[in-house]
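Undergrad: Okay, here's the structure, questions in a sec.
The values are calculated or read from the model by the stated rules, or taken from the named source; none is laboratory data. Computed from a predicted structure; not experimentally measured. Positions of Cβ are backbone-derived with ideal geometry, glycine not excepted, and every protein chain shown enters the neighbour counts. Ligands, DNA and RNA are stripped out before the accessible areas are found, and what is left, the full protein with its side chains, is counted by its heavy atoms. Shrake-Rupley method; radii C 1.70, N 1.55, O 1.52, S 1.80 Å.
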Amino acid sequence: MIAIVWEFIVKEEAVPEFQRAYGPDGDWAVFFRQYPGYAGTTLLQDSESRTRFLTIDRWESEALFNRMLDESRQEYLRLDSAFSELTVSERKLGVFRDH
């Protein structure tokens, strides 16, 4: 199992829409569910900064995540572009493995 962790700083006025799009039942999760190996998404909001979030996308393996990227690059980039207006910054913190 892997976890892909992203940090987002969200525009204040876009927080509710961001939560809908990036939450466990949001647009990204619905998209990922089409592909084998997707195991869920967790959305965390910083308790001290209302506009700072972490997303944790879990996949059975990095190979299955990469296969999803290969098969859906256009749609992945479309979603990424569509929601980029909600954020001030986006940073991949890493890919973490269970041990």
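Undergrad: Kindly establish whether residue 64 is under 13 Å from the mean Cα position of the chain (by Cα) and at negative phi.
TA: On the way: under 13 Å from the mean Cα position of the chain (by Cα): no; at negative phi: yes.
No.
Undergrad: Let me ask something else about it. Looking at 37, 26 in this structure, which one is farther than 17 Å from residue 82 by Cα, touching a Lys or Arg at 6+ places or on another chain (Cβ under 8 Å) and open to solvent by less than 20 Å² (accessible area, probe 1.4 Å)?
TA: On the way: 26 fails: farther than 17 Å from residue 82 by Cα.
Checking each option against the conditions leaves just 37.
Undergrad: Of all residues in the range 1-12, how many are part of a strand (DSSP E or B) and closer than 16 Å to residue 84 by Cβ? Before you say what the answer is, go through the steps one by one.
TA: Filtering the range 1-12 for residues part of a strand (DSSP E or B) gives 2-10.
Subsequent filtering for residues that are closer than 16 Å to residue 84 by Cβ retains 6-10.
Here the count works out to 5.
Undergrad: Here's a follow-up. For the range 13-58, enumerate the residues that are in a helix (DSSP H, G or I) and either touching a residue at least 60 places away in the same chain (Cβ under 8 Å) or over 25 Å from residue 73 (Cβ atoms) (or both).
TA: 13, 14, 15, 16, 17, 18, 19, 21, 22
Undergrad: When you look at residue 51, is it more than 13 Å from the chain's Cα centre (by Cα) and either surrounded by 15 or more Cβ atoms within 10 Å (Cβ to Cβ) or within 18 Å of residue 6 (Cβ to Cβ) (or both), yes or no? Walk me through how you get there before you give the answer.
TA: Values: more than 13 Å from the chain's Cα centre (by Cα): yes; either surrounded by 15 or more Cβ atoms within 10 Å (Cβ to Cβ) or within 18 Å of residue 6 (Cβ to Cβ) (or both): yes.
Yes: the conditions hold for residue 51.
Undergrad: I want to confirm something. Restricting to the range 64-99 and keeping residues that are more than 26 Å from residue 14 (Cβ to Cβ) and among the aromatic types (Phe, Trp, Tyr), which single residue is least open to solvent (accessible area, probe 1.4 Å)?
TA: Among residues in the range 64-99 that are more than 26 Å from residue 14 (Cβ to Cβ) and among the aromatic types (Phe, Trp, Tyr), the one least open to solvent (accessible area, probe 1.4 Å) is 65.
Undergrad: State which residue is nearest to the chain's Cα centre (by Cα) when the search covers only the range 6-21 and only residues that are open to solvent by 20 Å² or more (accessible area, probe 1.4 Å) and not charged (D, E, K, R). Break it down into steps so the answer makes sense when it comes.
TA: Residues of the range 6-21 that are open to solvent by 20 Å² or more (accessible area, probe 1.4 Å), as a first pass: 6-7, 9, 11-13, 16-17, 19-20.
Okay, now just the ones that are also not charged (D, E, K, R), so 6, 9, 16, 19.
Working: 6: 7, 9: 13, 16: 15, 19: 11 Å.
Going through the qualifying residues, I end up with 6.
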